[in-house]
Amino acid sequence: MEISDKNQAAQAASRYLAEQEAGGFSFDNYQRNAHIFTQLGGKAVVLPTAWKTGTTIVGIIYKDGVVLGADTRATGGSEVVDKNCEKIHYLAPNIWCCGAGTAADTEKTTELIASNLELLRLSTGTPSRVVTALTLTKRMLYKYQGHVSAALIIGGTDVNGAHLYSIHPHGSTQRLPYTTMGSGSLAAMSVFETRYAEDLEEDKAIELVRDSIRAGIFNDLGSGSNVDVTVIRNDSTVTRHRTYENAAGSSADYKAKFERPAKLTPPPGTTFVIEESFRPHRAAPQTYVPSSTSATAMEI
């Protein structure tokens with residue numbers, strides 16, 4: 001409704017206030033929720049929620065190929081369970097893949113696709129094409145409707161040049177000159193959008209990938225530790241930089257810069273000792289049931 005005078009504006013405001021004060025429940029999604037509940041067999045207590053990836057992975061096409069990058073932190077909830085997790089996976093000699101999501105899902109998905117590509121190469125006698133890896137991967141993920149938590153960036157070179165694709169867990173794909181995925185993707189993308197240029201030299205492309213991963217590490221709690229970089233060139237050569245840079249730094253370096261205050265190191269004798277005693281531990285004797293008997297349990 002178009003508001004043309006003060007009276008109509010006052011009426012609209014009063015209706016809005018009346019709706020806010022009335023309160024009540026909204027049944028807009030009732031039919032949708034009932035349909036999902038029926039599809040899940042009527043046993044669902046809560047609706048499925050989105051998975052958090054906790055990763056920063058990136059890829060970029062440069063003058064002579066593709067550069068992929070990833071951090072190395074693996075988390076379980078809010079805890080860091082692996083500081084040097086490898087997130088750039090092998091698919092073919094000329095195709096590599098960055099994975100974000102559940103670690104087991106990304107590893108087993110890439111292993112399966114790599115196995116299928118190997119069988120196809122043995123059958124055809126020709127190198128794998130990047131679009132073949134893309135098609136196999138997105139068909140598998142679409143089949144599981146997002147329940148395989150694997151967000152992937154596939155990069156590689158073939159007879160048609162350099163290719164870079166992003167694949168979401170539900171199977172949707174994008175072909176881009178540069179892309180980021182994971183919980184640190186926004187910070188990494190800000191670096192790409194600021195400094196990206198076509199036909200970059202290899203050293204400049206690696207530097208850009210490194211800085212984008214560092215942005216994800218320093219602005220996202222789910223990303224951290226080191227920067228891994230993989231370069232795939234048009235001549236089918238691959239250079240892998242495992243731990244290209246320790247972005248977080250070494251704890252020894254931080255400790256060397258910090259001088260512990262003397263007040264925090266109390267000298268011996270500061271705390272008065274009332275009594276000291278020492279009693280060695282002695283193991284209790286063990287009794288075993290003879291094997292000739294019919295007893296099935298052993299007592300200790």
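For the reader, a short list of remarks on this structure follows.
- The alpha-carbon atoms of region 127-175 define a convex hull whose volume equals 55 cubic angstrom per residue.
- Treating r as the C-beta distance of ARG195 and LEU112 and R0 as 41 Å, the FRET efficiency rounds to 0.70.
- Length-normalised contact order for region 47-175 - Cα pairs under 8 Å, 6+ apart - percent: 24
- Accessible surface, per residue, of region 145-300 when the full set of protein chains is kept, probe 1.4 Å, Å²: 68
- Within the shell of other residues whose beta carbon sits under 15 angstrom from the beta carbon of THR132, the net charge comes to +3, with Lys and Arg scored +1 and Asp and Glu -1.
- Entries of LYS87/LYS257; LYS87/LYS138; LYS83/LYS108; LYS138/LYS204; LYS87/LYS108 with Cα pairs more than 24 Å apart: LYS87/LYS257; LYS138/LYS204
- Net charge of neighbours whose Cβ lies under 10 Å from the Cβ of TYR62, counting Lys and Arg as +1 and Asp and Glu as -1: -3
- Euclidean distance between Cα centres, region 59-107 to region 223-255, Å: 11
- Dividing the alpha-carbon radius of gyration of the chain by the rule-of-thumb value 2.2 N^0.38 Å gives 1.52.
- Each peptide among 195-204, 100-109 gets the average number of other Cβ atoms lying within 10 Å of its residues, and from highest to lowest they stand as 100-109, 195-204.
- The alpha carbons of region 150-281 occupy a box of 81, 36, 29 Å along the principal axes, longest dimension given first.
The values are calculated or read from the model by the stated rules, or taken from the named source; none is laboratory data. Note that the structure is a prediction, hence the values are computed from the model and not measured. So basically every Cβ, Gly included, is an ideal-geometry build from the backbone, and we count neighbours across all protein chains shown. Heavy atoms of the whole protein, side chains included, go into the accessibility calculation; ligands, DNA and RNA do not. Shrake-Rupley method; radii C 1.70, N 1.55, O 1.52, S 1.80 Å.
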